[in-house]
Amino acid sequence: MSLRIVLVVGLACAVCATVASAAAPPGATAVCRDGTYSFSQHHSGTCSHHGGVAQWLGATVGSAPGAAPATVSVGTTVLISPRTKASHCVRGPNPDRACSPGAYDSGLTKTVLCSASFRTGTVRNVPQSEKFAVEGEYGLKPDYYGHSLEIDHIIPLELGGSNDIANLFPEADYTAKDRLENKAHDLVCAGAITLREAQLGIATNWQGLYKRVFGTQ
């Protein structure tokens, strides 16, 4: 009797999962752990503020079916401007440019970034010790802040951003910038803007680039 109950419950759960997947809104690429859907076209940041990815929907995001992540040579780190401070950095909605000017990797070209096999996970390398160092430079107690604070790449990995500390800063309100990063990647790959234009725009005045791209603040 108990075996029959287990089998029935298991079948019901499988049916529920299938229904949930089938009920996903058009264009959704992942189900987040809090039950919301993500429409991100890249693995970078997907569901990062919703508890992570519970389930990917359909084919792997940003890839051809069966494509394997490729090993990427990132080249050298190029700073947007010199990093002149490493302490007493001013925390705000934008990075303190003296501490966090932004940086990109020379090997992450448009060809690499727009390849179907590219995954930001193959180039992401920000250990917790580096996150703590960023927090310390900005006068924060090195700690795990969860969803309330993110050590963000100023130039995102999907636009060739570096893992160097010059390209990291503590960010509390990241939704709009995340949206811009995904859109900017699409525009670069479509040839609507150059990669360098996107990198400089996000590093120096991402709000201005956001207004240009979306036509609103």
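Rule-based calculations on the coordinates, nothing more; no lab input. Quick caveat: nothing in here was measured; it's all calculated off a predicted structure. Methodologically, a virtual Cβ is constructed for each residue, glycine included, from the backbone with ideal geometry; neighbour enumeration extends over all protein chains shown.
Odds and ends about this structure:
- Here the calculated FRET efficiency for Arg212 and Lys110, from their Cβ-Cβ distance with R0 = 30 Å, stands at 0.95, rounded to the nearest 0.05.
- Local electrostatic count at Gly136 - Lys and Arg +1, Asp and Glu -1, tallied over other residues with Cβ under 11 Å: -2
- Label-point gap, in nm, between Arg124 and Leu79 - each point 7 angstrom along Cα→Cβ: 2.6
- Charged neighbours of Val74, selected by a Cβ distance under 12 Å, balance to -1 (K, R count +1; D, E count -1).
- Once both labels are positioned 7 Å from their Cα atoms along Cα-to-Cβ, the gap between Asp186 and Asp96 label points is 3.6 nm.
- Of the chymotrypsin sites (Phe, Trp or Tyr not before Pro) in region 120-160, those whose Cβ has at most 11 other Cβ within 10 Å and which sit in DSSP loop: Tyr144
- Only Cα sites of region 65-216 enter the Debye sum here, all with the same form factor; the resulting log10 I(q)/I(0) across q = 0.13, 0.19, 0.21 1/Å is -0.58, -1.19, -1.39, listed in q order.
- In this rough spin-label picture, where each label sits 7 Å from Cα along the Cβ direction, the Thr175-Asp143 distance is 2.4 nm.
- Neighbourhood net charge (9 Å Cβ-Cβ; Lys/Arg +1, Asp/Glu -1) for Cys89: 0
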